[in-house]
Amino acid sequence: MLKLYNFLSKKVEEFRPISKTVGLYTCGPTVYDFVHIGNWRTFVFEDILKRVLIFNGFKVKHVMNITDIDDKIIAASRNQGLEFREIAAKYEKAFFDDLEKLNIIKADEYPRATEHITSMIQIIEVLLKKGFAYKTEDGVYFDISKFKDYGKLSNLLKKRIKVGARIAADLYEKDNPCDFALWKKSNAGEPEFDAPFGKGRPGWHIECSAMSMKYLSRTIDIHTGGVDLLFPHHENEIAQSEAATGKKFVNFWLEGEHLLVEGEKMAKSLSNIFTLEDIKKRNFEPLALRYLFLTAHYRSKLNFTWKALAACQNALDNLRGQISTWDEPKIGCAEFEGDFKKAVNSDLDMPKALSIMWAMVKSNYPTSAKHQSIIVMDQVLGLGLDKVKKAQLPKEARELIEKRETLRRLGKFEESDRLRKQLQEMGVYVEDTSEGPKWSIKKKHHKI
């Protein structure tokens, strides 16, 4: 039984889909710059969710939007002297390249905002007709005072709502709830599209409503994003969608917590906004970052440090080293697999799942059984462990292991320890057991 924390009800609930196929909508990137590691934490959390759904036998239809027109893209276009479509195309490509490096399963659909203007206009027309929206000189706005449940997702206090106050910006604070822009009349030199209510461009919030309805349905199973999107973005999505259709928009809202860097929020002023390229420049694998994301629950803040990333790279290298010496996968460790599934089904408890995986790795089960179970577990972990190749012990190392074993039998432990160190310098680590020496090949540890 899969249980998930629903931000709408503020409690953990059993997940039951509307139909045989789970409709999953995840807020995608705004392609005005390279995606930073804080965003990647959210996208990996969403990938884990999708993998857990599949792990439980659900079919999933996954839609992730690409925001290729908004305030940030227009600002980047102006600053770089490029057409807004060039900016969007450049960073969209970078997003997909990085997605692959983190072993994230691609969505079924990646609709772009600019290709769904007509769908957005249709919803806006419905909202105007129903009296939930109104026209002004600078565009069309949603009247939040007309939607009685406004604020139910983000626990917005009704007394803070300022009747008639408007805001054109896409992002604003929770302590300043205002009527938000559905359609903006463009300023000189900005991109614009034809609409019955005047040339302009859509507000940011309307695109997700339009695209989720087009590719999924009017009511969807799960909608996710970063916790920073709770307000205003997700709150506004609910208002405009439910006002337009008269139906519940989303059954389960899941939100991923913030990633801190060295205990601080990411900010340009602190020079602590890192991308996947920054990770690679320091000789870390993107999958080490994925491993780091697995060490904290998605609803808990995670503190990124280079030391923590080094520890995760070493853990991943050690894990691969052990798997590389195991026998071919066969049967499996049923008890560990059962415990692992219970953990992931308990609101995606990945830290516990990871500890269960390591307990299995260190257990006395046959390596063939552990190999089979690690492949099963990696269907959720997504660390590419099924691609680990069988290690080949170099001839020189094999001879040293045999020589060391002879020295140990003769009681010459100082000499045998020297050979152990010599083997370690070659990346070969030997463990003395009652069944004889067991070896593994490991990379040199990352140090900060």
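How many nm separate the modelled label positions at residue 409 and residue 282, each set 7 Å beyond the Cα in the direction of the Cβ?
Those two pseudo-labels are separated by 4.8 nm.
Note the full-extension length gain between residue 145 and residue 422 as 0.36 nm times their separation in residues minus their Cα-Cα distance, in nm to one decimal. Please report the intermediate quantities before stating the final value.
Details: separation 277, 0.36 × 277 = 99.72 nm, distance 7.42 nm.
Here the answer is 92.3 nm.
Could you list the trypsin sites (Lys or Arg not before Pro) in the range 95-158 that lie in coil according to DSSP, counting only those with at most 16 other Cβ atoms within 10 Å of their Cβ?
106, 148, 152
Would you mind ranking 67, 224, 433, 245 by Cβ crowding within 10 Å, fewest neighbours first? It would help to have the intermediate numbers written out before the result.
Numbers: 67 22, 224 25, 433 8, 245 16.
With the sparsest Cβ surroundings first, the list reads 433, 245, 67, 224.
Quick one: among 255, 192, 242, which has the greatest mean-square fluctuation in a GNM of the chain with alpha-carbon springs under 10 angstrom?
Per the Cα network of the chain with a 10 Å cutoff, 192 tops the list.
Rounded, prolate or oblate: which fits the range 178-243 when a ≥ b ≥ c are the square roots of the eigenvalues of the alpha-carbon gyration tensor, with rounded for a/c under 1.5 and prolate only if a/b beats b/c?
Note, shape of the range 178-243 comes out prolate.
Output the 0 to 90 degree angle, nearest 10, between the alpha-carbon long axis of helix 350-361 and the longest principal axis computed from the alpha carbons of the chain.
On a 0 to 90 degree scale, this one is about 20.
Classify the range 3-256 from the C-alpha gyration tensor, please: rounded if a/c falls under 1.5, else prolate or oblate depending on whether a/b exceeds b/c.
Here the range 3-256 falls in the oblate category.
Given a cut-off of 21 Å, what percent of all Cα-Cα pairs of the range 64-127 lie beyond it? Write down the numbers at each step before the final one.
Working: 746 of 2016 pairs.
Tail of the P(r) past 21 Å holds 37 percent of the pairs.
In whole Å, what are the extents of the range 1-124 along the principal axes defined by its C-alpha atoms, from largest to smallest?
In descending order, the Cα extents are 53, 38, 26 Å.
Can you pull the percent of Cα pairs in the range 267-387 with separation above 21 Å?
42 percent
Say each of residue 78 and residue 260 gets a label point 7 Å from the Cα, pointing the same way as Cα to Cβ; how far apart are those two points in nm?
3.5 nm
What is the percent of Cα-Cα separations in the range 300-448 that go past 26 Å?
When every Cα pair of the range 300-448 is considered, 36 percent fall beyond 26 Å.
Could you calculate, for the range 395-441, the ratio of the Cα radius of gyration to the Kirkwood radius, expressed as Rg to Rh? The partial results should precede the final answer.
Working: Rg = 9.7 Å, Rh = 10.5 Å.
Radius of gyration relative to Kirkwood radius: 0.92.
Quick one: order 11, 184 by neighbouring beta-carbon count within 10 Å, fewest to most.
On the way: 11 9, 184 23.
Starting with the residue having the fewest Cβ neighbours, the order is 11, 184.
Please rank 208, 178, fewest neighbouring Cβ atoms within 10 Å first, as an exposure proxy. Spell out each step's value before the answer.
Values: 208 29, 178 19.
Placing the least packed residue first, the sequence is 178, 208.
Hey, what do the phi angles of the range 288-293 turn into as Karplus ³J(HN,Hα) couplings, whole Hz, using 6.51/-1.76/1.60 and θ = phi - 60°, x for Gly and Pro?
5, 5, 4, 4, 4, 4
Which aspartates and glutamates does residue 146 reach when only Cα atoms under 13 Å apart count, and residues fewer than 8 places away in its own chain are ignored?
Correct list for residue 146: 179, 242.
Report the net charge of residues surrounding residue 226, where surrounding means a beta-carbon distance below 11 angstrom and charges are Lys +1, Arg +1, Asp -1, Glu -1.
-3
Could you identify which residue out of 78, 320, 408 has the top mean-square fluctuation in a GNM of the chain using Cα springs shorter than 10 Å?
Comparing 78, 320, 408 in a Gaussian network model of the chain, the most mobile one is 408.
Rounded to the nearest 500, what is the 222 nm mean residue ellipticity of the chain from helices alone, with -39500 (n - 2.57) per DSSP H run of 4+ residues and division by all residues? Walk me through the numbers on the way to the answer.
Working: 14 runs with 183 residues, N = 448.
My calculation for the chain gives -13000 deg cm²/dmol from helical runs alone.
Local charge sum around residue 366 (other residues, Cβ-Cβ under 15 Å, Lys/Arg +1, Asp/Glu -1)? All intermediate terms of the calculation are to be shown ahead of the outcome.
Numbers: positive: 330, 362, 370, 438; negative: 327, 328, 335, 337, 435.
The answer is -1.
What is the total of Lys pairs in the range 210-333 with C-alpha atoms under 29 Å apart, excluding same-chain pairs fewer than 8 positions apart?
14
For residue 270 and residue 54 in one chain, what is 0.36 nm times their gap in residues minus the Cα-Cα distance, to one decimal in nm?
Numbers: separation 216, 0.36 × 216 = 77.76 nm, distance 3.96 nm.
Here the answer is 73.8 nm.
Only one of the values (1) 1.07; (2) 0.98; (3) 1.15 was calculated from this structure for Rg/Rh (Cα atoms, Kirkwood Rh); name its label.
Given (1) 1.07; (2) 0.98; (3) 1.15, the calculated one carries the label (1).
Residues with beta-carbon under 11 Å from that of residue 387, excluding residue 387: net charge, scoring Lys, Arg +1 and Asp, Glu -1?
Spelling it out: positives minus negatives among the neighbours equals 0.
In the chain, what percentage of the DSSP-assigned beta bridges are antiparallel, given to the nearest 5?
The antiparallel proportion sits near 50 percent.
Sequence-distant or interchain residues sharing an amide H contact under 5 Å with residue 183, placed H: which?
Sorted by chain and number, the residues that satisfy this are 140, 203.
All of the numbers you see were taken from the coordinates with simple rules; none came from a lab. Computed from a predicted structure; not experimentally measured. Cβ atoms come from the backbone with ideal geometry, glycine included; neighbour counts cover every protein chain shown.
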